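Data block below; observations after.
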Amino acid sequence: MSESLHSIKSWPRGERPREKLDEHGVGSLSDAELLAVLMPTRSRGVCGSSVDHGRMLLARFGGLRALVDAPSPKLTSILGIGPARAAMLAALGELARRYAAERLDRGRALRTSAEVFRHCGVRLSALRKEEFRVILLDGKNRPMREVRISEGSLTASLVHPREVFLPAIEAAAAAIILVHNHPSGDPTPSAEDLEITKRLRQAGELLGIHVLDHIVVGRQAYVSFADEQLA
């Protein structure tokens, strides 16, 4: 009796995640329902439906981002999440980040800080360490490639003009956009961020490579040096 009450198969067709997806599109599903599509079967000992399990996981971790970014040991400590499901959630997060990265259209110019954030925000905000990246642009501000310069707290030694501009010179880039993340979630530029940006702008002027902007990415927000007229 309890099994039939909890089974998704006993639900009206329009409320079952897979049928709802087919009939109304993937956008109609809640986060818990999307998880139920990915993990449709319940593990032994888990009560409720797969949607109930999804809701429990979201509540336990505080949301979808925290769930897919959680380390494997923390995931596998939860009843119903074994190594295979932990690996699936990790792969889900990485696929989302790579999908976001491919949104950078090489034939379209980057004209606003918001466009840069849409490209880099998802990937960089999920990182646990600080990373400094450079987007190389052609003469029409169209992206050529993205280069990771350093990993770790920003210092003048890690982000040296030579390391930043060498890829730009090799690619014959006309301009660059600097991007880095703050793992704390607060995108407010630090004094070191301001000093590094000033040094790189000066180096770019000498080399004839324009530093268009420096975007600092936080958890769900960003700060643009160009927009705020910093450094």
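The values are calculated or read from the model by the stated rules, or taken from the named source; none is laboratory data. Computed from a predicted structure; not experimentally measured. When we count neighbours, we look across all protein chains shown, and the Cβ atoms used for this are built from the backbone with ideal geometry, even at glycine.
Some notes on this structure:
- Checking every residue in the stretch 206-215 against the condition of being surrounded by fewer than 20 Cβ atoms within 10 Å (Cβ to Cβ), at positive phi and of a type in the set (Gly, Ala, Ser) gives at least one match.
- Selection from the stretch 28-55 of residues that are at pLDDT below 80 and not polar (S, T, N, Q): Pro40, Arg42, Arg44, Gly45, Val46, Cys47, Gly48
- Inter-residue pairs, beta-carbon under 6 Å, first surrounded by 18 or more Cβ atoms within 10 Å (Cβ to Cβ) and in the stretch 168-181, second small (Gly, Ala, Ser), 6+ apart: Ala174/Gly139; Ile176/Ala168
- Pair list, Cβ < 6 Å and 6+ apart or interchain, from the stretch 184-206 residues that are part of a loop (DSSP other than H, G, I, E, B) to residues that are not aliphatic (A, V, I, L, M): Gly185/Gly218; Gly185/Arg219; Asp186/Gly218; Pro187/Gly218; Pro187/Tyr222
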